[in-house]
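Step one of this worksheet: look at the structure below.
The values are calculated or read from the model by the stated rules, or taken from the named source; none is laboratory data. Model, not experiment: these values are computed from the prediction. Cβ atoms come from the backbone with ideal geometry, glycine included; neighbour counts cover every protein chain shown. Ligands, DNA and RNA are excluded from the accessible area calculation, which covers all protein heavy atoms including side chains. Shrake-Rupley method; radii C 1.70, N 1.55, O 1.52, S 1.80 Å.
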Amino acid sequence: MKQKLAILGSTGSIGVQTLDIVRENPGRFEVSLLTARRNWEQLARQAREFDAATVVIADKSLYAPLRDALADTDTKVFAGADALEQAVGGGDVDTVVNALVGYAGLHPTVAALEAGKKVALANKESLVVGGAYVMRLAEEKRAPIVPIDSEHSAIFQCLAGERSPVRRLIVTCSGGAFRDLGREALASVTVEQALRHPQWQMGAKITIDSSTLVNKGFEVIEAHWLFGTPAERISVLLHPQSIVHSMVEFEDGAIKAQLGTPDMRMPISYALFFPARAVRSGERFDFLRHPQLTFAEVDRAKYPALDIAYDCLRRGGTAACTMNGANEVAVAAFLARRCAWLDIVRTIEYVLGRATFVERPSLADYAEANAEACRLAHDFLGLQS
Ligand code: NDP
């Protein structure tokens, strides 16, 4: 039986690599749903190549060109965020790959879990924003969440078959674009520099989040929710080569690690085939070509975002949702050259200091906290809402 896939954000970095895995494995997958925000031309090309049953374009103003581009096919075309959520929960989907970016990923994750689908989760913001709600729902609906994020895929693989409690999760960190730059130089870094990640080719938002280490902070929160590990048992270790994708330490002192060259197709393939593994061709990892694997402490004064994320995780409630909302606005402003790189974390601090805190949030409370964080971030940066 073919696995029926919904790929949310199929035109992005993870989406395109998910389609590479589909291409690598003829006969194993059926593409039920593909979605994009605005890139209707690429979405139409993908729909043709993979004979997608349905496509959704989030930006409703682009419905007509997409519909016209697929007029001679059987692909059904819809537009808007509501259509996306409806299609995700539809009967023709086994696995939802959530490769959306930002807060926009939360509601589709919820819709997929509500419908009892397996979720292959790249959109870490779903868990950063609403981890408590999402994990409760997954358990209630017995809907599995398999991580795509490489660090969490590594931990997931290290935990497979283990029953004993974990002593520590060790999340590795490449250090982002500015790891070799002194603290004084950070005041004047440019968008182009921040987008030059030393190891990974990724979408713009996560690449900026990697440069501030907001991404690593979010991964600590994501690890907490996925594996039920408290904040004090999750540590972050700088590992510039990005070969050890993360590790788990057990109570007997043993440490398990998952290694490989930096290539997101590996964790994507694992998430799609779990609990089996795919047969993949291509270059194999060669230890002799990587004779040095090094590890170091993260400079927490240079990267305050990491401790801010730990604080948000300890506070719980809507704190991390607020951090995420502020970060999204500030990253977009930085990419649009409307604020400096250092303003990203300043915005987060300002917003967290003023936002309303809800201890036991409902889904509606997350939406309100996100909207409030966006408003406050706009105010701080002097942007039009
Ligand atoms: P990209 O920016 O490359 O792609 C995002 C995708 O989502 C695109 O298809 C985009 O459509 C669509 N999209 C963006 N915003 C919206 C919206 N508001 N509504 C509907 N669709 C939207 O992101 P990445 O692939 O880099 O990242 C996706 C997720 O995976 C993120 O959460 C990221 O943190 C996580 N991740 C990514 C990794 C990577 O290597 N890229 C590694 C680990 C995790 P369009 O093309 O039309 O704009």
Need the failing condition index for ALA58 against (1) under 15 Å from ALA112 (Cα atoms); (2) open to solvent by less than 40 Å² (accessible area, probe 1.4 Å); (3) in contact with a helix residue (DSSP H, G or I) (Cβ under 7 Å, 6 or more places away or on another chain), just the number. (1)
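Could you please let me know if THR207 is within 16 Å of the ligand (Cβ to nearest atom), at pLDDT 95 or above and polar (S, T, N, Q)? Give the steps one after another, and end with the answer.
Details: within 16 Å of the ligand (Cβ to nearest atom): yes; at pLDDT 95 or above: yes; polar (S, T, N, Q): yes.
Considered against the rule, which asks whether it is within 16 Å of the ligand (Cβ to nearest atom), at pLDDT 95 or above and polar (S, T, N, Q), THR207 comes out as yes.
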Of ALA319, ALA305, the only residue that is more than 19 Å from HIS197 (Cα to Cα) and among the aliphatic types (A, V, I, L, M) is ALA319
Do we find a residue being assigned to a loop (DSSP other than H, G, I, E, B) and either closer than 21 Å to ILE14 by Cα or not charged (D, E, K, R) (or both) anywhere in the range 147-159? yes
Hits in the range 13-53 - residues which are open to solvent by 30 Å² or more (accessible area, probe 1.4 Å) and in a loop (DSSP other than H, G, I, E, B): PRO26, GLY27, ARG28, ARG37, ARG38, ASN39, ASP51, ALA53
Cβ pairs under 7 Å, 6+ apart, first in the range 147-170 and closer than 17 Å to SER210 by Cβ, second in a loop (DSSP other than H, G, I, E, B) and open to solvent by less than 70 Å² (accessible area, probe 1.4 Å): ILE148/ALA122; ASP149/ALA122; ASP149/LYS124; SER150/MET264
Residue satisfying condition, being more than 15 Å from the ligand (Cβ to nearest atom) and open to solvent by less than 40 Å² (accessible area, probe 1.4 Å), within set PHE295, PHE273, PHE285: PHE273
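Conditions tested, residue by residue: (1) loosely packed, with under 15 Cβ neighbours inside 10 Å; (2) at pLDDT below 95; (3) within 14 Å of MET323 (Cα to Cα).
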{"position": "ALA340", "(1), (2), (3)": "no, no, no"}
{"position": "THR347", "(1), (2), (3)": "no, no, yes"}
{"position": "VAL351", "(1), (2), (3)": "no, no, yes"}
{"position": "GLU359", "(1), (2), (3)": "yes, no, no"}
{"position": "ALA364", "(1), (2), (3)": "yes, no, no"}
{"position": "ALA371", "(1), (2), (3)": "yes, no, yes"}
{"position": "ALA377", "(1), (2), (3)": "no, no, yes"}
{"position": "GLY382", "(1), (2), (3)": "yes, no, no"}
{"position": "SER385", "(1), (2), (3)": "yes, yes, no"}
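Has the range 75-93 got any residue that is of a type in the set (Lys, Arg), more than 24 Å from TYR270 (Cβ to Cβ) and not in a helix (DSSP H, G or I)? Break it down into steps so the answer makes sense when it comes.
Taking the range 75-93 and keeping what is of a type in the set (Lys, Arg), we get 76.
Next, only the ones that are more than 24 Å from TYR270 (Cβ to Cβ) stay: 76.
Imposing the further condition that a residue be not in a helix (DSSP H, G or I) reduces the set to 76.
Checked against the condition, which is being of a type in the set (Lys, Arg), more than 24 Å from TYR270 (Cβ to Cβ) and not in a helix (DSSP H, G or I), the range 75-93 yields at least one hit.
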